[in-house]
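The numbers here are math on the coordinates, done by the rules we state, and not lab data. Just so it is clear, the model here is predicted, and its values are computed rather than measured.
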């Protein structure tokens, strides 16, 4: 798994175009403040160890959220960090499980629309731990 975490004072997105035929077609326009955005790429090899990868994802997101003094986390599928890509169903399952587990521990959690290209607009401060990359 590849994980790029960016703390944003403001993160806004709007659906642009559907990339997976298996997802519902709809429009969404959302803005979130004081959020840790996780740009996540689930890789093919992660499918063999989904529980372990999911736990590492959650631990990293919690750590970075704490370092940036936020309780708000956004999960964003970002299949541009590696050539290896997991099955979309496996990726969505990890996202849904991570969202539930994070919410169960008191986090406010969002997911960007899965299977869509999005227009993004974010304001991220230039501080040390506002941008962190992890690979596991």
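Structure data summary
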| read-out | value |
| --- | --- |
| Three-way shape label, the range 1-131, alpha-carbon gyration tensor, a/c 1.5 | oblate |
| Distance from the range 84-108 to the range 114-135 (C-alpha centre basis), Å | 17 |
| Bridge type composition, the chain - antiparallel percent by DSSP, nearest 5 | 75 |
